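The values are calculated or read from the model by the stated rules, or taken from the named source; none is laboratory data. None of the values given here were measured: they were computed from a predicted structure. So basically every Cβ, Gly included, is an ideal-geometry build from the backbone, and we count neighbours across all protein chains shown. Ligands, DNA and RNA are excluded from the accessible area calculation, which covers all protein heavy atoms including side chains. Shrake-Rupley method; radii C 1.70, N 1.55, O 1.52, S 1.80 Å.
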Amino acid sequence: MAKPMSKHYERISRSTHSIQAGIISCNGRSNSFLLFGRFPDENVDGRMLFLKSIASNVSSHQDQKLTSGLLRNFHEYAKKEDLDGKRPPLLLSQKTSTNLFLSYHGYKKLGVKQDLIPDDFYFQKGMNSSYGNGLHGNYNQDQYLDRRLLPLNRKRQWDFLICIHNDNIHKLKKEKSNIKNLFDSVFPTKKDNDLFVQKTYITRDKNTNLPLSPLGFVDGISSLKPSDKENFEKIIDWSLIHEKDPNLFYGSYVVVQKISVNKSFFKSMAVKISKDLKTTQKHAKALMMGRYQDGQPLVETKDQNTKLPSNDFDFINDPKGNLCPFNAHIRAMNNRDKEGSEVPIIRRSLLYNDPPGANREADSGMIFISFQRNIEKTWKEISLRMGIAPNLFENVDNERSVDHINYRTKINLKLPAHFDLPADENKSFRWSNFRHQKNGKWSNYYSPIGGTNLTQFRGGEYFFAPSLTFFQNMERYIENAN
């Protein structure tokens, strides 16, 4: 078993100049472009040239911390001097944060020595493999990111992902164009589907300044903040591993998924529940998620006086799910009944809103990004809790751990006799001992299920976020080019 990375706390603290930005703490920028790419078969030397050019702009956690600190100092100064509305210096507010991630196929196409390539089993198989499909349930969809490119895009691995983030959308568009032009010049015979650009953004709640989810709920409440040593240690324990060359530093496995979210269907679920239970749609939505849209949980919190949504609560005083159903999203994903009940990932979410075009309808949802030390262990647990990997259900000992929002399975799936799970997503979940306001008695209520009517998988990939030191010394790790 791998030793906790917090054992190397002092060394990691001194290595933040080599750890990519956005892992230890969120970059916080309002706009982003994600550029998914594949190296064309020709021009092997161009692959290194292209990546070296991009890598020279990759941001470190140290860069991010410095910029955030300077911005924070400016805002504190502006508040003190009563400079309301005063904008920070352009060099700070318009500084682009850049990430560069590689897939297993990307490492192979660069010719990196096999013993230096990250060795997670699922990472090496890829998200488009049968293993990846089993782990993510495949949402009954072919894994693709841009429907305009079908069928050319199907079942091909992505080699790299470039993420650029900035509050200034105009500057960001220019930098995106520069990357595309560089790719075109290095690979003049590329195919149309070798580079896909996804525009994303963050919308923030006006009262808390916290990001919002695709369904309008305040998000990021439970995200760890590296403001103290305890949180910092937990973050590095969950996300960082030492790269395989002892001369290198620390990296992280990255899971990227594009998930379409049907807001209208979620609203229809809320309407049905509110009518059935004689309650408000606001409360009905909270019953499905476990929190109200402003972020406050359904159960009592321990810090009642805080102005921000609380994350200091548990379900000890709600043992039968009378206040918060067992299958509500946040309770299924983390029942908070013991230390370590949370899944050890560092989650970053971005919103997208793809406009309609030729042969496609408008589509919106989220780009789910997680950093973790191990893909197989963390995502098996997530898939079980979300109910999207039926072949893994034999390992679940309690149906209460399954999220009814994302639940999907097959009609012919044989579940253990003690399970009270629906046979498929068109059935309904039992919310045990839920009080009907009609007669005030405790009885079972069967809730609607989100399933593929609510969320659909639009594609993604497993990547690794190497250290900046790796990119600076790539040539020494090359064995041959494929």
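Here r is the Cβ-Cβ distance between Phe121 and Glu230 and R0 is 30 Å; the resulting FRET efficiency, rounded to 0.05, is 0.45.
Here is the list for the range 194-243: trypsin sites (Lys or Arg not before Pro) lying in DSSP coil, each with at most 14 other C-beta atoms within 10 angstrom of its C-beta, are Lys206.
In the range 206-290, the portion of solvent-accessible area held by carbon and sulfur atoms comes to 50 percent [1.4 Å probe, whole percent, DNA, RNA and ligands not counted]. With the cut-off at 1.5 for a/c, could you classify the range 159-287 from its C-alpha gyration tensor as rounded, prolate or oblate? Oblate, since a/c reaches 1.5 and b/c is not below a/b. Using a cut-off of under 13 Å, list every residue of the range 448-482 whose amide N is near the label point 7 Å from the Cα of Lys52 along the Cα-to-beta-carbon line. Counting backbone N atoms under 13 Å from the label point, the list is 471-478. With an a/c value of 1.5 or above and a/b not larger than b/c for the gyration tensor axes a ≥ b ≥ c computed over the alpha-carbon atoms, the range 221-378 is described as oblate. Counting 0.36 nm for each residue step from Lys278 to Ser129 and taking away their Cα separation leaves a gain of 49.1 nm. Shape analysis of the range 212-272 places it in the oblate category; the axes a ≥ b ≥ c from the Cα gyration tensor give an a/c of at least 1.5, with a/b not above b/c.
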